[in-house]
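Okay, structure first, notes after.
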Amino acid sequence: MTETTRCRQCGTCCRNGGPALNQDDLALVRQGYIRHDQLLTIRQGEMGHNPATGRLEPVPVELLKIRGQGKGGGWTCLFFAEESNGCTIYAHRPTTCRILECWQPEALLATIYHNTLRRADLINANDPILAEIARHEQACPGQEFTGLLADTNQNSLARLSEMVRADLAIRGEVAQKIGLSLEIEFFLFGRPLFKQLTGSGIEYVEENGGIRLQRATSPRPPVGEGSKDMA
Ligand code: SF4
């Protein structure tokens, strides 16, 4: 068996999830190679895949990741073209993709969660949408949400319900005010909280035009798996 010592452009890394951007990628967004609606925000404290441990864990800092393809749960990076087995923005690919050497990933793993790009880096400081993002963060902080998912206390369920409703209400209000595509919503507010319930043992029921949470009655996959379908 031949040992890998160079990139063979097999596309495996591009099928394992879009990369998180760091500060060195700011110019790629400013110059339009990567658009806001091609990004997904993983808010601080929400569950995300940690490449160093291979597990889904609460992320310690806000991350902006390139979205995955399709609606059915694919992880493959939005910029990966299956037909040519290549990157459609290769000359302008993010830093993570340039650093990664899958046969010796240590250099990349050392950069995880460092120098990351955040929403505020990509939005004009005078843009009123920043106040909406701050309001959303205050109403449903990622860290508290993740903590409550693992808490079986009945009060936790009530607080979770409150956060899930607040998340939906703020998205709805902002969409009504300025008009939002679903893709821009993923950038501004991250994954809807009710979508992140999958695998937590809590399920939502649509009722009277709203959402009610309850303990799941059937066995679920491990916590956090649900985040894949939005990535
Ligand atoms: S940006 Fe290009 S190189 Fe990087 S993961 Fe996506 S398809 Fe692959």
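The values are calculated or read from the model by the stated rules, or taken from the named source; none is laboratory data. None of these values were measured; they are calculated from a predicted model. Counting neighbours? That spans all protein chains shown, and the Cβs are built from the backbone with ideal geometry, glycine included.
What the table below lists for this structure:
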item	result
Hits in the range 96-118 - residues which are within 10 Å of the ligand (Cβ to nearest atom) and free of Cβ contacts under 8 Å to residues at least 60 places away in the same chain	98
Residue 116 among the hydroxyl-bearing types (Ser, Thr, Tyr), buried (at least 19 other Cβ atoms within 10 Å of the Cβ) and at pLDDT 95 or above	yes
Count of residues meeting criterion [touching a strand residue (DSSP E or B) at 6+ places or on another chain (Cβ under 9 Å) and of a type in the set (Lys, Arg)] in the range 128-181	1
Out of 40, 130, sole residue that is under 13 Å from the mean Cα position of the chain (by Cα) and either within 16 Å of the ligand (Cβ to nearest atom) or outside any loop (DSSP other than H, G, I, E, B) (or both)	40
Residue check, residue 41 more than 18 Å from residue 14 (Cβ to Cβ), crowded, with 17+ Cβ neighbours inside 10 Å and β-branched (Val, Ile, Thr)	yes
Qualifying residue in the range 60-68 (condition: within 16 Å of the ligand (Cβ to nearest atom), on the phi < 0 side of the Ramachandran plot, assigned to a strand (DSSP E or B) and among the basic types (Lys, Arg))	yes
Condition check for residue 45: touching a Ser or Thr at 6+ places or on another chain (Cβ under 9 Å), within 10 Å of the ligand (Cβ to nearest atom) and assigned to a loop (DSSP other than H, G, I, E, B)	no
Residue count for the range 80-97, restricted to those that are touching a helix residue (DSSP H, G or I) at 6+ places or on another chain (Cβ under 9 Å) and either part of a strand (DSSP E or B) or within 18 Å of residue 51 (Cβ to Cβ) (or both)	8
Matching residues in the range 81-95 - criterion: being more than 9 Å from the ligand (Cβ to nearest atom) and surrounded by 11 or more Cβ atoms within 10 Å (Cβ to Cβ)	82, 85, 95
Count of the range 69-78 residues which are at pLDDT below 90 and either within 13 Å of the ligand (Cβ to nearest atom) or within 12 Å of residue 19 (Cβ to Cβ) (or both)	3
Failed condition for residue 191, given (1) in the same structural domain as residue 50 (by TED's automatic domain parsing); (2) surrounded by 19 or more Cβ atoms within 10 Å (Cβ to Cβ)	(1)
Failed item in (1) in contact with a Ser or Thr (Cβ under 6 Å, 6 or more places away or on another chain); (2) at positive phi, with residue 24 passing the rest	(2)
Of all residues in the range 1-37 being more than 16 Å from the ligand (Cβ to nearest atom), in contact (Cβ under 8 Å) with a residue 40 or more places away in the chain and part of a loop (DSSP other than H, G, I, E, B), the one that is surrounded by the fewest Cβ atoms within 10 Å (Cβ to Cβ)	3
